[in-house]
Amino acid sequence: MSDKRKGKLSGPIIRKAMLDSLVKLNPVTMMKNPVMFVVEIGMVLVLLLLLFPGFFGSRSGFGFNLSVFLILLVTMLFANFAEALAEGRGKAQADSLKKTKKDVTANKLVGGHVKSVAASELRKGDIVVVAQGEMIPGDGEIIEGIASVDESAITGESAPVIKEAGGDFSSVTGGTLVVSDRIVVRISSDPGESFIDRMIALVEGAQRQKTPNEIALSTLLTVLTLIFLIVVVTLKPMADYLNIHLEIPVLVSLLVCLIPTTIGGLLSAIGIAGMDRITRFNVLAMSGKAVEAAGDINTMILDKTGTITYGNRMASEFIAVGQEKESDLAAWAAVSSLQDDTPEGRSVIDYAKTKGFGFDRGLADGGGIVPFQAETRMSGIDLKDGRRVRKGAVDAVREWVLSDGGVIPADLEQKASRVASEGGTPLAVAVDNRILGVIYLKDTVKPGMKERFEQLRKMGIKTIMCTGDNPLTAATIAREAGVDDYIAESKPEDKIAVIRREQAQGKLVAMTGDGTNDAPALAQADVGLAMNSGTVSAKEAANMVDLDSDPSKIIEVVAIGKQLLMTRGALTTFSIANDIAKYFAIIPAMFMLAVPEMNALNIMGLGSPLSAVLSALIFNAVIIPLLIPLAMRGVTYKPMSSQRLLSRNLLVYGLGGVIAPFIGIKLIDLIVHLWI
Ligand SMILES: Nc1ncnc2c1ncn2[C@@H]1O[C@H](COP(=O)(O)OP(=O)(O)OP(=O)(O)O)[C@@H](O)[C@H]1O
Ligand SMILES: [K+]
Ligand SMILES: [Mg+2]
């Protein structure tokens, strides 16, 4: 990850946030946050009393009123500061991204001729030529050529990546640099809608929409605020009737202490910070909703090759069957791979060469290429002389040979099983209806997978590995990696079937993918994470894109989503628990002010009724900045089931939230009491 995107809180960001918190006092802005808007109205009321003492028959002193006014002002500034700080960090990220958006000229192909136009004028469907040393002018798909591309501007990864027409590595991103060769690109986005544009808008918060969860919580907070407002407003006439005089500033203080100002002030900062955490993790989420959905995932669908294993399946042994010789097997294995451009295919040639097996390259000339397909699970060549050479999944090759009237060597099954039971992938090699043996493709499970799946299990998430490989290999890798379930010999469409099946049971499903054939499944999944190296259609179908193209990052994405939901839950619990505790400080004080004989109510032993009110109000204000770091960083996350998480959070943040004010208010009162 690039340093500039780590999002450190620098001096300028903090200064800007301070200024913004003043600007945000504008009532039109405040109205968007009903809880804090009520605080603002209260502040205006107290201000009126400051300007016109004796208003509403008030008898409270100037000094007290001024203190209440100032504390309320500071409370709002703190809340605004939290939001401005979170936004500021996003803006800083956006600025560094904007710098990558240089104004380049594009070589647009118009009627067979190249015409120079500004990149900002390119539209969807335009064709451009990009040569060595030039910046790719917009997002698109390579339709001709192959090139190595430096994508460090968006991924922070300095090693160039190979991009080529056709297949799963054909998409390119505007703002990245072609370091070798020349490509023809079909532009896939209109001005202002490119990948970087969308990323900038997202981190800037310009497109920030409240998620359904956030809306539900804000509604709850507003309802709570309304209830307390009614309670406090009706308190006044009731007290008047009983001849108890309640001061307006005291009532305002009571109201502000009771309404959920802590979570009200931190709510949007929590959401922005969660989004920010995902972006700094080099994952681009299309919406906050997607991040939250990640936090609620029940089932995760994972690829075997490349996600759970390293994915660089390499030939590591030739195992001849029947009467066949190893050297013949090696030669035909190599010939079957001459036109196979997959890493597996290339590794077969490399292995044959390093082991010194001879093979005739000329055989491939003029032959018909049979490219590898996930559907057929085979690849090979139809030679000029009529012979057909294939390699592929053992059962697929067996079928192919049987349909041509061939016989299956007796030891094929046992030899292939040996490879599979070691977690390798056996590829059978055949020429017409004769099977020569198997290629042992080795792949290794990434380190630490077992622990990560263990964590997912603790979170109550079921993991399902989907692989095109045979059941035995699948079972071995599944056991080694520790996934809960696996589906072997799965075709691309099987993934979407698994997702639908899980969703039908009311589960939320996450998956990763990069190919065009993954696109429907990515769209069907609740959280679809596409690889940046993947095709345009995969990226369009998904609701997240991983800039590092590491599918196993889906695990951390879920963790970040969970952390966001947990942080919001924990701070809500803390905030409401706090308010309950403040009630015990302020209600007795209020009545003691009116009826001094009620001193017995002063269970907290606070200095005086006035200092009790001010202390509760000060505590209510300072708790907001104290919790900003937690809101921004997120609560520390330990994998466990939602049930246990809930009880743990209730204990820590609920109980903590009840106790903290007693201690805090008491300490503040010791100081405040010295003054008044
Ligand atoms: N280049 C190739 N030539 C011939 N057969 C291949 C080649 N690559 C893979 N196969 C065979 O086809 C099967 C399916 O491959 P595919 O890439 O679709 O799935 P996978 O890589 O095994 O699983 P996944 O990527 O979903 O974890 C493989 O298990 C292997 O037996
Ligand atoms: K409060
Ligand atoms: Mg694969």
Legend entry - Gain upon complete extension [Q503, S327; 0.36 nm per residue less C-alpha separation]: 58.3 nm
Inset, instruction - State, as an integer percentage, the relative contact order of region 399-438 based on alpha-carbon contacts under 8 Å between residues 6 or more apart. - result: 46 percent
Inset, instruction - For region 601-676, divide the Cα radius of gyration by the Kirkwood radius and give the resulting Rg/Rh value with two decimals. - result: 1.12
Inset, instruction - Using only alpha carbons, build the gyration tensor for region 201-312 and give me the equivalent ellipsoid semi-axes, biggest first, whole Å. - result: 48, 14, 10
Inset, instruction - Tabulate in residue order the Karplus-calculated ³J(HN,Hα) for region 361-366, using 6.51 cos²θ - 1.76 cosθ + 1.60 with θ = phi - 60°, rounded to whole Hz; enter x for Gly and Pro. - result: 4, x, 4, 6, 4, x
Legend entry - Long-range amide H partners of M465 with built H, under 5 Å: L302, D485, Y486, I487
Inset, instruction - Obtain the nm distance between the two label points defined at A600 and A216 by a simple spin-label model: each point lies 7 Å from its Cα along the Cα-to-C-beta direction. - result: 4.6 nm
Legend entry - Residues with amide H under 5 Å from that of A106, placed H, sequence gap 5 or more: V117, A118, A119
Inset, instruction - Give me the distance between the Cα centres of region 314-349 and region 556-624, rounded to whole Å. - result: 73 Å
Legend entry - With all protein chains modelled, accessible area of Y653 [1.4 Å, Å²]: 40 Å²
Inset, instruction - At 1.4 Å probe size, with every protein chain present, just tell me what the per residue accessible area of region 477-580 comes to in Å². - result: 31 Å²
Legend entry - Efficiency of FRET from Cβ geometry, V129 and K353, R₀ 30 Å, rounded to 0.05: 0.25
Inset, instruction - Hey, can you find the accessible area per residue of region 207-349 for me, probe 1.4 Å, expressed in square angstrom? - result: 37 Å²
Legend entry - Farthest toward positive dipole pole in the chain [+1 Lys/Arg, -1 Asp/Glu at C-beta], among L49, Q524, M36: L49
Legend entry - Relative contact order, percent, the chain [alpha-carbon distance under 8 Å, six or more residues apart]: 14 percent
Legend entry - Estimated distance in nm for a label pair at L651 and S120, the labels positioned 7 Å out from Cα along Cα-to-Cβ: 5.9 nm
Inset, instruction - Report the calculated FRET efficiency for E540 and I146 (r = Cβ-Cβ distance, R0 = 25 Å), to the nearest 0.05. - result: 0.60
Legend entry - Share, in percent, of DSSP beta bridges within the chain that are antiparallel, nearest 5: 75 percent
Inset, instruction - Please list, in chain and number order, the residues 5+ apart from T309 or on another chain whose amide H is under 5 Å from its amide H, with Hs placed from the backbone. - result: K446
Inset, instruction - Could you work out the Rg to Rh ratio of the chain, with Rh taken as the Kirkwood radius (inverse of the mean 1/r over all Cα pairs)? - result: 1.13
Inset, instruction - Kindly rank 576-584, 160-168 from highest to lowest mean number of other beta carbons found within 10 Å of each residue. - result: 576-584, 160-168
Legend entry - Amide N of region 256-291 lying under 13 Å from the label point, which is placed 7 angstrom from the Cα of L19 along Cα→Cβ: none
Legend entry - FRET efficiency, 1/(1 + (r/R0)^6) with R0 25 Å, evaluated for I41 and L674 via beta carbons: 0.20
Inset, instruction - Can you pull the one-decimal nm distance between simple spin-label points at V233 and N312, each 7 Å off the Cα toward Cβ? - result: 7.0 nm
Inset, instruction - Pairs of Cα atoms under 8 Å, at least six residues apart: use those to get the relative contact order of region 74-177, whole percent. - result: 22 percent
Inset, instruction - Provide the packing ranking of 529-542, 137-150, 16-29, i.e. peptides ordered by the mean count of other C-beta atoms within 10 Å per residue, highest first. - result: 529-542, 137-150, 16-29
Inset, instruction - Quick one: pull the percent of accessible area on the chain belonging to carbon and sulfur, 1.4 Å probe, ligands and nucleic acids left out. - result: 60 percent
Inset, instruction - Per residue of region 371-376, in order, report the coupling 6.51 cos²θ - 1.76 cosθ + 1.60 (Karplus, θ = phi - 60°) as ³J(HN,Hα) in whole Hz, putting x for Gly and Pro. - result: x, 5, 10, 5, 5, 8
Legend entry - Axial C-alpha extent at least 20 Å, average Kyte-Doolittle at least 1.6 - helices from the chain (DSSP): 34-51, 609-633, 656-675
Inset, instruction - Can you grab the distance from the C-alpha centre of region 435-473 to the C-alpha centre of region 658-676, Å, no decimals? - result: 57 Å
Inset, instruction - Kindly write out, for region 509-519 in residue order, the coupling ³J(HN,Hα) from the Karplus curve 6.51 cos²θ - 1.76 cosθ + 1.60 (θ = phi - 60°), rounded to whole Hz, with x marking Gly and Pro. - result: 10, 10, 8, 10, x, 9, x, 4, 6, 8, 3
Inset, instruction - Express in Å², to the nearest 10, the accessible area of K638 obtained by rolling a 1.4 Å probe over the protein heavy atoms while all chains stay in place. - result: 110 Å²
Inset, instruction - From zero up to wherever the largest Cα-Cα distance of region 84-211 sits, split into 10 Å bins and tell me the percent of pairs in each. - result: 13, 42, 30, 12, 2, 0
Inset, instruction - Kindly sort K442, K108 by accessible area of their heavy atoms, largest first, with the probe set to 1.4 Å. - result: K442, K108
Legend entry - Dipole axis of the chain (+1 Lys, Arg; -1 Asp, Glu on Cβ), positive-most option in F584, T309, L109: F584
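The values are calculated or read from the model by the stated rules, or taken from the named source; none is laboratory data. Owing to the predicted nature of the structure, the values given are computational and were not obtained by experimental measurement. Neighbour counts are summed over all protein chains in view; Cβ atoms, including those assigned to glycine, are modelled from backbone coordinates with ideal geometry. SASA here: full protein model, heavy atoms, side chains in, ligands and nucleic acids out. Shrake-Rupley method; radii C 1.70, N 1.55, O 1.52, S 1.80 Å.
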